[in-house]
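Enquirer: The structure is given below, and queries will be raised subsequently.
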Amino acid sequence: MKISQIAIQDISGIVGKLSHLAEISPQLILVFGCVEHFSHPDFFRILKSAFPAAEMVGCTTAGEISSAVVSNSTSIITAIHFESASFQVATAELKEMDASFQAGKVLAHQLQSSDLKAVMLFGQGVNINGSALIEGLVNVLGTSLPVTGGLAGDDGAFSKTFILSPQGVSTSDVVAIGLKGEKLLFSHGSFGGWRAFGPTRKVTKCVGNVLYELDGNPALDVYKRYLGDYAKDLPGSGLLFPFEMLGDSRESLGQIRTILGINEGDGSLILAGAINPDGYLRLMHAHTNDLVDGAEMAAHATVDGLPSPSGQSLGLLVSCVGRKLVMGGRVDEEVEAVQDILGKNTVLCGFYSNGEICPGYKLEACSLHNQTMTITYLAELS
């Protein structure tokens, strides 16, 4: 596998930099960048003109990840040339949230084949039910196939995100890459690093990703009591205090749910993924050191015990915008920790997201995560 990467800050200077990527004859171009770039009318045209034979996939972010640094208001463009592995890109339109499950099925039917080894999935970051999207994909492809990826970001605005696919730039698409090949090395890892506090609360009323009651009381009232002074900054401050999901026996499910919105009228909380209606929730918080430790655990889970690849390898990091807010100026530390463990021959790319897609730390099946560092590792064996 050959990999080349550039960072761009200004669309006007992109053409000259793209020629550097063309040297490896890329088959796949991954682009993770700011809303300003993706919404530029010439962005896709310039990329397609530079790489007419390559497939392009990517999305907008709440911060861009590269081997060098975590950046903002840039685009990280990563070119990949596979020596033996192959891939297929599928795209589906998703105009309304209720169609998320069906959109996942549409993607899966395009990718379904006997030699499919793994899938990387990217969706818009608003007006989407990420859990249902995954369920639709898994409904066709089965639970044993690893699926990783994430939902697009827009720098924490939760207003409008963009997806890049071979069809162009869209605000209403989901895209997936199906990976194949006997020599393809595909691995993944995820971990949060958040700590639970306060009592466990029973979910007594919820519909999908809307939480109405905890222990028979309006969920918003319960949440505000624990936030104290932070409550006045809702829903933004909700990124700092997510929920841990627990099963009906109060066991951890290895999943975290972020608060995306509140409804003062009915006292509900809108979470970033489906809620277990028979389960329990518990508040969480974290410090930077905890989150960096979590990133290290995700990296070890990804590569420990793997054989050494031939050539370069790719580490796709999808981390939550909430983690970025907690770490502030120290956000680079979690990326540096991952780079140290994955090694200098691994090129990092990725983004801060509105949702992370990966099998969980304690779950074999793929699921939607919040506030989690997820890592996808791609390489080829000799």
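Enquirer: So, in the stretch 1-35, exactly how many residues are in contact with a helix residue (DSSP H, G or I) (Cβ under 6 Å, 6 or more places away or on another chain), within 11 Å of Phe51 (Cα to Cα) and open to solvent by 50 Å² or more (accessible area, probe 1.4 Å)?
Expert: Going through the stretch 1-35 one residue at a time, the tally reaches 0.
Enquirer: Condition (residue is under 18 Å from Cys59 (Cβ atoms), in contact (Cβ under 8 Å) with a residue 12 or more places away in the chain, in contact with a strand residue (DSSP E or B) (Cβ under 6 Å, 6 or more places away or on another chain) and in a helix (DSSP H, G or I)) applied to the stretch 343-350: is it met by at least one residue?
Expert: no
Enquirer: Shifting gears a bit: Determine the pairs where a residue that is at positive phi, located within the stretch 149-175, has a partner that is open to solvent by 20 Å² or more (accessible area, probe 1.4 Å) and assigned to a loop (DSSP other than H, G, I, E, B) with Cβ atoms under 6 Å apart, the partner being 6 or more residues away or on another chain.
Expert: Every condition considered, the pairs that remain are Phe158/Val126.
Enquirer: Let me ask something else. Out of everything in the stretch 238-264 that is in a strand (DSSP E or B) and among the small types (Gly, Ala, Ser), what residue ends up being surrounded by the most Cβ atoms within 10 Å (Cβ to Cβ)?
Expert: Gly254
Enquirer: Also: All but one of (1) in contact (Cβ under 8 Å) with a residue 24 or more places away in the chain; (2) surrounded by 15 or more Cβ atoms within 10 Å (Cβ to Cβ); (3) over 19 Å from Gln371 (Cβ atoms) hold for Trp194; state the number of the condition that does not hold.
Expert: (3)
Enquirer: Here's another thing I want to ask about it. When only residues in the stretch 82-139 that are among the β-branched types (Val, Ile, Thr) and open to solvent by less than 50 Å² (accessible area, probe 1.4 Å) count, which is nearest to Met56 (Cα to Cα)?
Expert: By that ranking, first place goes to Val89.
Enquirer: While we're looking at this one, here's another question. In the list Phe101, Phe82, Phe122, Phe186, which residue meets the criterion of being over 14 Å from the mean Cα position of the chain (by Cα), within 23 Å of Lys48 (Cα to Cα), of a type in the set (Phe, Trp, Tyr) and at pLDDT 95 or above?
Expert: Phe82
Enquirer: Tell me the residue from Gly315, Gly279 that is touching a Leu at 6+ places or on another chain (Cβ under 9 Å), among the small types (Gly, Ala, Ser), open to solvent by less than 20 Å² (accessible area, probe 1.4 Å) and over 30 Å from Asn217 (Cβ atoms), please.
Expert: Sole residue among the options that is touching a Leu at 6+ places or on another chain (Cβ under 9 Å), among the small types (Gly, Ala, Ser), open to solvent by less than 20 Å² (accessible area, probe 1.4 Å) and over 30 Å from Asn217 (Cβ atoms): Gly315.
The values are calculated or read from the model by the stated rules, or taken from the named source; none is laboratory data. What you see is a predicted model, and the numbers here were worked out from it, not measured in a lab. Positions of Cβ are generated from backbone atoms using ideal geometry, with glycine treated the same way; all protein chains shown enter the neighbour counts. Surface accessibility is based on the protein's heavy atoms, side chains included, excluding ligands, DNA and RNA. Shrake-Rupley method; radii C 1.70, N 1.55, O 1.52, S 1.80 Å.
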